[in-house]
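Inspection log for the structure reproduced underneath, given as structure tokens.
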Amino acid sequence: MGNSVDSMLSPFMENHTPAHGLPAVAYTGENFWKAECETVLAQNWVCAGFAHELAEPGDSVPTTIAGKPVLLIKNQRGEIAAFHNVCRHRCLTLVDEPKNVGKLIRCPYHAWAYDLDGTLRASPHFGGTDKHEPEGFDRTKNSLVPIRVHVWHDWVFVNLDGNAEPFEEYAAPLIKRLDGIDFDKVQPIGILDFGEIATNWKFIMENFIEPYHVQFVHSSTTDQPLTDHYTIVDGRCLGSAVDLKEEVGTGGSLAVSSRYLTLFPNFIVGRYFPDQLGVYLNIPLGPDRMIQKRALYTTEGQVLSNEEIEGLKSLWWDVHKEDHEMVERLQLGRASPVAESGGVLSPHWENSVRAFQELIAGSVTGQKREMKT
Ligand code: FES
Ligand SMILES: [Fe+2]
């Protein structure tokens, strides 16, 4: 794998002024996607879900991380756990839609049952009628396979290979930028489910951290002049920001000071002063498809009317649809030979994009462990 990915990336590694973006194959190639699944999406803390969607013991949400079926579930002690979402008998996916499973996760195929800690509790008639545990079969060795998980406020992160540094260290450059938020007051007020988007997940990340497009793509939905924007490049925390003098608060448009922050690889949080937060769940599904959900939060414990909430949801829906059109067209453009060398990046507005792409390149070529953060 290493060699082919290395050669795909060698033009990207060369010095050009202005810098080139990642080559098209990084957004379209199956081999590149597989390399990402083994590195970027397995070795890092990947955002996998919203904790508030797992409120009660037994609540479970299936998802896909690095192309693998993963189950998030709340156990009897109120903790969120993650498992490979696969039965230990014939490896059927266990839970196929969000639901409360009660006290046991029961496989629909032959009724093997696991408790909420993943322990195998029943393997009915596996050794013949009324012989549930045949010789040589050790029930305790056939529990669900756990995945390392960390819940940070409302956001559930998983680390598939189990070797990432502790989350608080990993996320330090992002955490310090959310200073001043009283997380006890942060309340989810709604969720936008965009379903599947026909683009490579990296385009969604790149789009979020460059301010260059804002005044052109969002001219009718936002009022944030380009000149007031700047980029943020700080290890795994990449983003952009805009500082405006007037703040209009929850009821207004997007004419507010904002921080558009990401945590490598897939976590996005938008901080909109004075009182809103938006968090995006970006789930890569393959080289050219992903799913996205966005949760809206208030940060000062304010109570909004349904009408206000619907107004905010529809504003954000429109803003995101504008971005989705662009990222789908970025993907379509990758079919052209013109995109092979990756286009060019603004040294001023898109240095954050270049930094993101360098993290990707470092990760897939195996330099991640040495990477300075
Ligand atoms: S595959 Fe799950 S019980 Fe057979
Ligand atoms: Fe945008």
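The values are calculated or read from the model by the stated rules, or taken from the named source; none is laboratory data. Here the structure is a predicted model, which means the values were calculated and not measured. When we count neighbours, we look across all protein chains shown, and the Cβ atoms used for this are built from the backbone with ideal geometry, even at glycine.
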Subset tally (residues that are of a type in the set (Ser, Thr, Tyr) and within 24 Å of Gly270 (Cβ to Cβ)) for the stretch 140-174: 1
Single unsatisfied condition, Gly270 versus (1) among the small types (Gly, Ala, Ser); (2) over 13 Å from Asn207 (Cβ atoms); (3) in contact with a Gly (Cβ under 9 Å, 6 or more places away or on another chain); (4) at pLDDT 95 or above: (2)
Odd one out for Asn85, checked against (1) within 30 Å of Ala361 (Cα to Cα); (2) touching a residue at least 40 places away in the same chain (Cβ under 8 Å): (2)
Complete set of residues in the stretch 288-320 that are without any contact (Cβ under 8 Å) to a residue 60 or more places away in the chain and either assigned to a helix (DSSP H, G or I) or outside the structural domain of Asp275 (by TED's automatic domain parsing) (or both): Asn306, Glu307, Glu308, Glu310, Ser314
Breaking point among (1) surrounded by 21 or more Cβ atoms within 10 Å (Cβ to Cβ); (2) without any contact (Cβ under 8 Å) to a residue 60 or more places away in the chain, for Gln357: (2)
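To keep it simple, each residue is scored yes or no on (1) touching a helix residue (DSSP H, G or I) at 6+ places or on another chain (Cβ under 8 Å); (2) of a type in the set (S, T, N, Q); (3) within 16 Å of ligand 1 (Cβ to nearest atom); (4) in a helix (DSSP H, G or I).
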residue: Gly195; (1), (2), (3), (4): no, no, no, no
residue: Ile204; (1), (2), (3), (4): yes, no, no, yes
residue: Gln224; (1), (2), (3), (4): yes, yes, no, no
residue: Thr231; (1), (2), (3), (4): yes, yes, no, no
residue: Gly239; (1), (2), (3), (4): yes, no, no, no
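May I ask you to verify whether Leu285 is touching a residue at least 40 places away in the same chain (Cβ under 8 Å), of a type in the set (A, V, I, L, M) and surrounded by fewer than 23 Cβ atoms within 10 Å (Cβ to Cβ)?
yes
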Residue check for Glu36: assigned to a loop (DSSP other than H, G, I, E, B) and over 15 Å from Glu340 (Cβ atoms): no
Residues of the stretch 254-269 satisfying the condition of being part of a strand (DSSP E or B) and either touching a residue at least 40 places away in the same chain (Cβ under 8 Å) or aromatic (Phe, Trp, Tyr) (or both): Arg259, Tyr260, Leu261, Thr262, Leu263, Phe267, Ile268, Val269
Hits in the stretch 123-148 - residues which are free of Cβ contacts under 8 Å to residues at least 12 places away in the same chain and of a type in the set (Gly, Ala, Ser): Gly127, Gly128, Gly136
Residue match in the stretch 299-314 (condition: at pLDDT 95 or above and within 16 Å of ligand 2 (Cβ to nearest atom)): no
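Residues in the stretch 36-50: is at least one in contact with a His (Cβ under 8 Å, 6 or more places away or on another chain) and closer than 26 Å to Cys237 by Cβ? Even if it seems obvious, please write down each step before you answer.
So the first thing to find is which residues in the stretch 36-50 are in contact with a His (Cβ under 8 Å, 6 or more places away or on another chain), and the list is 45.
Those left that are additionally closer than 26 Å to Cys237 by Cβ: 45.
Yes, because at least one residue in the stretch 36-50 is in contact with a His (Cβ under 8 Å, 6 or more places away or on another chain) and closer than 26 Å to Cys237 by Cβ.
Picking from Arg88, Arg77, which residue would you name as being more than 16 Å from ligand 2 (Cβ to nearest atom), surrounded by 17 or more Cβ atoms within 10 Å (Cβ to Cβ) and in a loop (DSSP other than H, G, I, E, B)? Explain how you work it out, then say what you get.
Numbers: Arg77 fails: surrounded by 17 or more Cβ atoms within 10 Å (Cβ to Cβ).
Of Arg88, Arg77, the one residue that is more than 16 Å from ligand 2 (Cβ to nearest atom), surrounded by 17 or more Cβ atoms within 10 Å (Cβ to Cβ) and in a loop (DSSP other than H, G, I, E, B) is Arg88.
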The stretch 321-343, residues that are closer than 29 Å to Leu192 by Cβ, more than 16 Å from ligand 2 (Cβ to nearest atom) and outside any loop (DSSP other than H, G, I, E, B): Leu332, Gly333
